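A.B. asks: One structure coming up, written as structure tokens, with questions to follow.
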Amino acid sequence: MENSRITVTSPLLPNLDEFYGLLKQIWNSKWITNNGSFHKQLEKELAEYLKVPFVSLFTNGTLPLLTALQAMRITGEVITTPYSFVATTHSIWWNGCKPVFVDVDPATGNMDPEKIEAAITPRTTAIMPVHVYGQPCDTKRIKEIADRYGLKVIYDAAHAFGVQVNGESVLNEGDMSTLSFHATKVYNTIEGGAMVMHDEATKKRIDYLKNFGFAGETTVVGPGINSKVDEMRAAYGILNLRQVDAAIEARHQVAVRYREALRNVEGVTFFDDIEGVKHNYAYFPIFIDEAKYGMSRDDLYVKMKSVGVLGRRYFYPLISEFSTYRGLESANPENLPNAHKMANSVICLPMHHQLSDDDVSRILELVVKK
Ligand SMILES: *Cc1c(COP(=O)(O)O)cnc(C)c1O
């Protein structure tokens, strides 16, 4: 077992026989896409599970970001975080808007609300924060600022599946939130995603927009896109929803062991659970202080990789460092010191529902003993 690979994640897969049973139903019905019965069922079950009023399924987690900005006619500048997956900023760019980066709070990795006001200009129309690693943003403070300046808030909640604050879903915050159901996420439909909204009228409008803008056979209400989820993936999603709680609990147990072992390792820091928050244990990032740890982040990363333990440097490089964005004034590293520090010190340790006790021991041995 010594040299078997441990990947950073492993997809949650439904039972194949059960999936086959649902596929048979689809074959019999001959209704394979366009708001079929499994599609409707999954939207309903997800809304209940997530404790949100309305869910609209999408084919991935990027298209709901693009569509949210379109639906609210966002123009000009959008304030966002560089410490995320590139799709966050790409969605702003694809809408012809200018991303404006603000620094993060090292305590959470999320956009620092106290840096937002200084980034607002007369062209600012929206804020797009990310609940990075599933850590809830300071949604109250962000709402205060957005309300004061008349800005929309779209949360990229790709990491925040099932996350609650004081019993309330974090997905209910902002004007809209988006989810990714990619294979690497806590809950997956192979490829997939969703948008969460507050009212039925918005749900209707979003459902039109993800179907080319069609509001009837002959009516197109706007320049829509195609992001319709097929019945196969909806059925897969229905089965996975039934086992996601157990998967999150298995992740929780891994996090408990990681924290116990790493708490007293000098030069290694990580996030603890936050009181009142129901976490989803989507990722387990650790941050290496080279001077105290006695080894650089990259050396540790390579050492792990050399024995088949595949950590990932999420999120390095920062989005603001990619060629498309690094020319922006707000991408200047001096504007983003905390984000740079995190990006240069992070490794996400393997985290998924099937890590065995032996796997966790093998990973910890590498990190604890230098
Ligand atoms: C995964 C992810 C996305 C994109 O989701 P896809 O389903 O891969 O399109 C967007 N934002 C963040 C923060 C992500 O992690």
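The values are calculated or read from the model by the stated rules, or taken from the named source; none is laboratory data. Note that the coordinates shown come from a computational prediction; the quantities given were computed from them, not determined experimentally. Using ideal geometry, Cβ is built from the backbone for each residue, glycine included, and neighbour counts are taken over all protein chains shown.
A.B. asks: Taking region 190-227, which residues are among the aliphatic types (A, V, I, L, M) and in a loop (DSSP other than H, G, I, E, B)?
C.D. replies: Ile190, Ala215, Val221, Ile225
A.B. asks: If you don't mind, there's one more thing I want to ask. Please verify whether region 180-198 includes one or more residues that are away from the ligand (no atom under 16 Å from the Cβ) and either modelled with pLDDT of 95 or more or acidic (Asp, Glu) (or both).
C.D. replies: Checking region 180-198: at least one residue is away from the ligand (no atom under 16 Å from the Cβ) and either modelled with pLDDT of 95 or more or acidic (Asp, Glu) (or both).
A.B. asks: Can you name the residue in region 213-235 that is among the hydrophobic types (A, V, I, L, M, F, W, C), surrounded by 15 or more Cβ atoms within 10 Å (Cβ to Cβ) and more than 24 Å from the chain's Cα centre (by Cα) and, of all such residues, is nearest to the ligand (Cβ to nearest atom)?
C.D. replies: The extreme case among them is Phe214.
A.B. asks: Please enumerate the residues belonging to region 44-66 that are within 16 Å of the ligand (Cβ to nearest atom), farther than 15 Å from His90 by Cβ and part of a loop (DSSP other than H, G, I, E, B).
C.D. replies: Thr59
A.B. asks: So, in region 91-126, exactly how many residues are touching a residue at least 60 places away in the same chain (Cβ under 8 Å) and at positive phi?
C.D. replies: 1
A.B. asks: Another question about this same structure. Out of the residues in region 109-159 that are small (Gly, Ala, Ser) and either assigned to a loop (DSSP other than H, G, I, E, B) or closer than 17 Å to Leu336 by Cα (or both), state the one that is nearest to the ligand (Cβ to nearest atom).
C.D. replies: Here the answer is Ala158.
A.B. asks: Continuing with the same structure: Looking at region 160-170, which of its residues are aliphatic (A, V, I, L, M) and either buried (at least 19 other Cβ atoms within 10 Å of the Cβ) or within 16 Å of the ligand (Cβ to nearest atom) (or both)?
C.D. replies: Answer for region 160-170, where residues must be aliphatic (A, V, I, L, M) and either buried (at least 19 other Cβ atoms within 10 Å of the Cβ) or within 16 Å of the ligand (Cβ to nearest atom) (or both): Ala160, Val163, Val170.
A.B. asks: Away from the ligand (no atom under 16 Å from the Cβ) and either closer than 29 Å to Tyr281 by Cβ or surrounded by 17 or more Cβ atoms within 10 Å (Cβ to Cβ) (or both): does that describe Ile32?
C.D. replies: no
A.B. asks: Considering only residues that are touching a strand residue (DSSP E or B) at 6+ places or on another chain (Cβ under 6 Å), away from the ligand (no atom under 11 Å from the Cβ) and either at pLDDT below 95 or not in a loop (DSSP other than H, G, I, E, B) (or both), which ones fall in region 81-103?
C.D. replies: Ile92, Lys98, Pro99, Val100
A.B. asks: A follow-up question, please. Within region 321-339, is there a residue that is surrounded by 17 or more Cβ atoms within 10 Å (Cβ to Cβ), outside any helix (DSSP H, G or I) and at pLDDT 95 or above?
C.D. replies: So far as region 321-339 goes, yes, one or more of its residues are surrounded by 17 or more Cβ atoms within 10 Å (Cβ to Cβ), outside any helix (DSSP H, G or I) and at pLDDT 95 or above.
A.B. asks: Please verify whether Glu114 is surrounded by fewer than 19 Cβ atoms within 10 Å (Cβ to Cβ), acidic (Asp, Glu) and closer than 29 Å to Phe270 by Cβ, treating the condition exactly as stated.
C.D. replies: yes
A.B. asks: Leu209 passes all but one of (1) away from the ligand (no atom under 15 Å from the Cβ); (2) surrounded by fewer than 23 Cβ atoms within 10 Å (Cβ to Cβ); which number fails?
C.D. replies: (2) is the only condition that Leu209 fails.
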